[in-house]
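Beneath this line is the structure, given in structure tokens, with notes to follow.
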Amino acid sequence: ERFKRQGKTPLWIQKLPVGDYRIQLTSPFYEMYTENFKIKPQQLNTLSIKLKSKDKITPLKITSQPEKVMISLNGITVGRTPLILPQEQGLYQIKAEKKGYQNEQRQIQLTKKVNIINFTLYPDYLQLHVTPSIDHAKIFLRPHNKSWRLLGTGPQNIQIKNQDHYALKVEVDGYKTQ
């Protein structure tokens, strides 16, 4: 039996001819519902239906900053954020990836309630702009456990790896360094 898709609920259909009809409602989170009904002349015909949820299926909503992050569930790519996925209850490994950002991975337990997961991914590199108040000041950068490196004098744009530790030093001849 073929059904013609009419839209999403709530749905208002006007000018439906008098007669016998069959309705079917489907959702990945609910059991399919089918019912026969009759459109009667010159009266408002209303159907109010309560769907039964599928016992082990639960919605998993995944959002992210930035958007369009690639999501994998248990090693299988399922799409880009934002996503709403029907999943069975249980334990999952979720990985969020985007080029130019640090990946994030979590283990979650899906339960019967709505499960909302938000990922915030951080850039691989950060831009640091240093503008000393004296033009000929020397700017030095020292990565964690390494030597000082002269970057130059005057304003500098520095690209540093995110989540590494750095020390920054500005020196001017004739001034005491603190």
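Bear in mind these aren't lab numbers, they're just calculated from the coordinates by the rules spelled out. Model, not experiment: these values are computed from the prediction. Don't worry about glycine lacking a Cβ; one is built from the backbone with ideal geometry, like all the others, and counts go over all protein chains shown.
I want to verify a result. In a Gaussian network model of the chain, Cα cutoff 10 Å, which of these has the top mean-square fluctuation: 127, 65, 43?
Of 127, 65, 43, the Gaussian network model singles out 43 as fluctuating most.
Based on Cβ point charges of +1 for Lys and Arg and -1 for Asp and Glu, what charge dipole magnitude is obtained for segment 43-102 about its Cα centre, in debye rounded to the nearest 20?
Values: 10 positive and 4 negative charges, 12 e Å.
The calculated dipole for segment 43-102 is roughly 60 debye.
Using alpha carbons only, how many angstrom separate the centre of segment 6-55 from the centre of segment 94-152?
Cα centroid to Cα centroid, the span is 51 Å.
Quick one: among 40, 98, 52, which has the greatest mean-square fluctuation in a GNM of the chain with alpha-carbon springs under 10 angstrom?
Among 40, 98, 52, the largest mean-square fluctuation in the Gaussian network model of the chain belongs to 40.
Only Cα pairs under 8 Å and at least 6 apart count here; give the relative contact order of segment 1-143 as a rounded whole percent.
18 percent
Taking only Cα atoms and a 10 Å spring cutoff, compute GNM fluctuations for the chain and point out the largest among 56, 138, 38.
38
What is the extension gain from residue 47 to residue 83, computed as 0.36 nm multiplied by their sequence separation minus the C-alpha to C-alpha distance, in nm to one decimal?
9.9 nm
For the pairs 38/113; 15/113; 15/50; 8/56; 138/161, flag any whose C-alpha to C-alpha distance is greater than 31 Å. List each step's numbers first, then the result.
On the way: 38/113 36 Å; 15/113 39 Å; 15/50 25 Å; 8/56 23 Å; 138/161 21 Å.
Over 31 Å apart, Cα to Cα: 38/113; 15/113.
Quick one: which residues, 5+ away or cross-chain, put their amide H under 5 Å from the amide H of residue 87? H built at 1.01 Å from N.
Answer set, sorted by chain and number: 58, 60.
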